[in-house]
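See structure below.
The values are calculated or read from the model by the stated rules, or taken from the named source; none is laboratory data. Keep in mind it's a predicted model, so treat the numbers as computed, not measured. Here Cβ is always computed from backbone atoms with ideal geometry, including for glycine, and neighbour counts include all displayed protein chains.
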Amino acid sequence: MSSKFDSPWPTDVTIDELINTALFRSNEFFDEARVPDCVVPYRLHLGDPMLDVHKPMVEDLVLNTTELFCDYLDSELIVIGGNYDFVLEVMAENQYPGDDFGGVCGYPVENDYASACASKGVAWIGINWGRMRGGEVFTEGRRITIAAHEIFHLIHDGLDPDAAGQSPPPGTPNFRPVWYIEGGGEFFGRIIASYLELYPYDRFTPTDRSGAFLEVSYLSDLELLEVSQQRAFGTENYFSGQRAMEYMVASKGMGAVLEVWENLGDGMNFYQAFESAMGITVEEFYEKFEVMHTNLYATDLVTNEY
């Protein structure tokens with residue numbers, strides 16, 4: 001843990017100081033918050049093309065996630081893995097609440113290889129965790145973090161049911177920024193997988209459609225990223241949101257970050273919920289994040305200026 005975070009919201013830190021402090025405080029929180037043999041149930045449905053060798057790994061992820069967040073859960077987690085036709089079958093057979101198309105993504109899924117979604121208490125974690133290659137099982141670690149990402153959406157939707165996994169536009173009563181919703185999923189998906197020693201915590205820098213890295217001013221503007229942006233196919237909201245979550249956890253701790261969702265569930269709007277838990281206004285946070293994130297690029301990250 002970097003001493004630079006002895007006081008919250010430092011702006012002159014390195015990427016390693018930011019991430020390592022967030023990791024330390026997250027692991028410290030999980031060590032204390034974990035409830036072995038948590039009694040909150042879950043339902044797990046796994047179908048083709050999920051390999052048999054991966055099925056117990058998925059169940060371990062779901063079980064361990066319920067233990068890590070047991071004190072924040074008041075309803076069961078429903079998790080589905082396999083192709084999307086299987087998702088539709090499971091949803092219909094069990095009469096799970098779904099979207100207008102009988103699924104969980106809010107739209108008809110045509111390419112299920114690259115998709116995963118969560119809504120209304122049901123998480124689809126994708127089609128598999130890897131395939132057979134040369135007669136041996138290949139496990140794709142990124143798919144583990146995607147599964148954990150979608151499962152965390154169930155957790156924060158349980159704390160904040162009005163959001164229901166969506167991000168209504170600014171100005172609406174249940175507005176939640178896209179960087180916050182998807183950045184939360186991205187950070188927690190990666191940190192859960194790391195804590196459970198399923199896949200190491202990693203980082204990426206998004207690129208635009210030409211393959212060029214995006215400029216720092218764009219990625220540092222959380223107010224812009226309150227709504228979905230598409231210069232990097234939407235990954236910019238996830239990327240900057242993950243950095244924002246690291247900054248929040250490193251500065252105030254995991255418990256304070258989860259308190260934001262609890263405050264939302266208690267009826268506060270996003271600005272009230274954030275300030276109550278974080279100790280600064282959203283506007284002040286945006287200003288500090290922009291300076292901090294810009295400084296990261298001075299020595300640690302790659303970007304293009306236009």
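Is the range 292-301 home to any residue that is exposed (fewer than 14 other Cβ atoms within 10 Å of the Cβ) and either over 18 Å from PHE175 (Cβ atoms) or in contact with a Cys (Cβ under 7 Å, 6 or more places away or on another chain) (or both)? Talk me through it step by step, then tell me what you get.
Residues of the range 292-301 that are exposed (fewer than 14 other Cβ atoms within 10 Å of the Cβ), as a first pass: 298-299.
Remaining after also requiring either over 18 Å from PHE175 (Cβ atoms) or in contact with a Cys (Cβ under 7 Å, 6 or more places away or on another chain) (or both): 298-299.
Yes, because at least one residue in the range 292-301 is exposed (fewer than 14 other Cβ atoms within 10 Å of the Cβ) and either over 18 Å from PHE175 (Cβ atoms) or in contact with a Cys (Cβ under 7 Å, 6 or more places away or on another chain) (or both).
Please give the number of the condition VAL13 fails out of (1) among the β-branched types (Val, Ile, Thr); (2) surrounded by 19 or more Cβ atoms within 10 Å (Cβ to Cβ); (3) within 24 Å of HIS156 (Cα to Cα).
(3)
Which condition does PHE152 not pass, out of (1) over 14 Å from MET245 (Cβ atoms); (2) under 13 Å from the mean Cα position of the chain (by Cα); (3) not assigned by TED's automatic domain parsing to the domain that holds ASP221, if it passes all the others?
The number of the failed condition is (1).
If you take the residues in the range 155-165 that are among the small types (Gly, Ala, Ser) and more than 14 Å from the chain's Cα centre (by Cα), which one is surrounded by the most Cβ atoms within 10 Å (Cβ to Cβ)? Before the answer, list the steps.
So in the range 155-165, the residues among the small types (Gly, Ala, Ser) come out as 158, 163-165.
If we keep only those that are more than 14 Å from the chain's Cα centre (by Cα) too, we end up with 158, 163-164.
Numbers: GLY158: 19, ALA163: 21, ALA164: 14.
Selected residue: ALA163.
When you go through GLU93, GLU110, GLU17 one by one, which is the residue that is among the acidic types (Asp, Glu) and either touching an Asp or Glu at 6+ places or on another chain (Cβ under 7 Å) or within 27 Å of PRO161 (Cα to Cα) (or both)?
Values: GLU110 fails: either touching an Asp or Glu at 6+ places or on another chain (Cβ under 7 Å) or within 27 Å of PRO161 (Cα to Cα) (or both); GLU17 fails: either touching an Asp or Glu at 6+ places or on another chain (Cβ under 7 Å) or within 27 Å of PRO161 (Cα to Cα) (or both).
Just one listed residue meets the conditions, GLU93.
Of all residues in the range 159-203, which are part of a helix (DSSP H, G or I) and polar (S, T, N, Q)? Give the derivation first.
The initial filter retains those residues of the range 159-203 that are part of a helix (DSSP H, G or I), namely 159, 178-195.
Passing the criteria: only SER194.
Say we look at the range 166-183 and pick out the residues that are surrounded by fewer than 24 Cβ atoms within 10 Å (Cβ to Cβ) and in contact with a Lys or Arg (Cβ under 9 Å, 6 or more places away or on another chain); which of these is modelled with the lowest pLDDT?
Taking the candidates together, the pick is GLN166.
Only one of PRO97, PRO41, PRO8, PRO36 is surrounded by fewer than 16 Cβ atoms within 10 Å (Cβ to Cβ), within 22 Å of GLU262 (Cα to Cα) and touching a residue at least 24 places away in the same chain (Cβ under 8 Å); which? Working first, answer last.
Details: PRO97 fails: within 22 Å of GLU262 (Cα to Cα); PRO8 fails: surrounded by fewer than 16 Cβ atoms within 10 Å (Cβ to Cβ); PRO36 fails: within 22 Å of GLU262 (Cα to Cα).
Step by step, each of PRO97, PRO41, PRO8, PRO36 is checked, and only PRO41 is surrounded by fewer than 16 Cβ atoms within 10 Å (Cβ to Cβ), within 22 Å of GLU262 (Cα to Cα) and touching a residue at least 24 places away in the same chain (Cβ under 8 Å).
Taking into account only those residues within the range 135-153 that are of a type in the set (A, V, I, L, M, F, W, C) and modelled with pLDDT of 95 or more, which is nearest to MET57 (Cα to Cα)? Give the steps one after another, and end with the answer.
Here is the first cut: in the range 135-153, the ones of a type in the set (A, V, I, L, M, F, W, C) are 137-138, 144, 146-148, 151-152.
If we keep only those that are modelled with pLDDT of 95 or more too, we end up with 144, 146-148, 151-152.
Details: ILE144: 9, ILE146: 14, ALA147: 11, ALA148: 12, ILE151: 14, PHE152: 17 Å.
Applying the filter and picking the extreme gives ILE144.
Looking at LEU222 and the list (1) in a helix (DSSP H, G or I); (2) under 20 Å from PRO169 (Cα atoms), which single condition is not satisfied?
Checking LEU222 against (1) in a helix (DSSP H, G or I); (2) under 20 Å from PRO169 (Cα atoms), the one that fails is (1).
Filter the range 249-306 down to the residues that are within 21 Å of the chain's Cα centre (by Cα), modelled with pLDDT of 95 or more and either among the polar types (S, T, N, Q) or not assigned by TED's automatic domain parsing to the domain that holds GLU182 (or both) and list them by number.
Within the range 249-306, SER251, ASN263 qualify.
Conditions (1) of a type in the set (Asp, Glu); (2) crowded, with 24+ Cβ neighbours inside 10 Å; (3) touching a helix residue (DSSP H, G or I) at 6+ places or on another chain (Cβ under 6 Å), marked per residue:
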| site | (1), (2), (3) |
| --- | --- |
| ALA118 | no, yes, yes |
| TRP129 | no, yes, yes |
| ARG133 | no, no, no |
| GLU140 | yes, no, no |
| GLY185 | no, yes, yes |
| TYR199 | no, no, yes |
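Looking only at the range 217-228, which residues are surrounded by fewer than 21 Cβ atoms within 10 Å (Cβ to Cβ) and of a type outside the set (Gly, Ala, Ser)?
First, pick out the residues of the range 217-228 that are surrounded by fewer than 21 Cβ atoms within 10 Å (Cβ to Cβ): 217-218, 221, 223-224, 227-228.
Scanning the range 217-228 gives TYR218, ASP221, GLU223, LEU224, VAL227.
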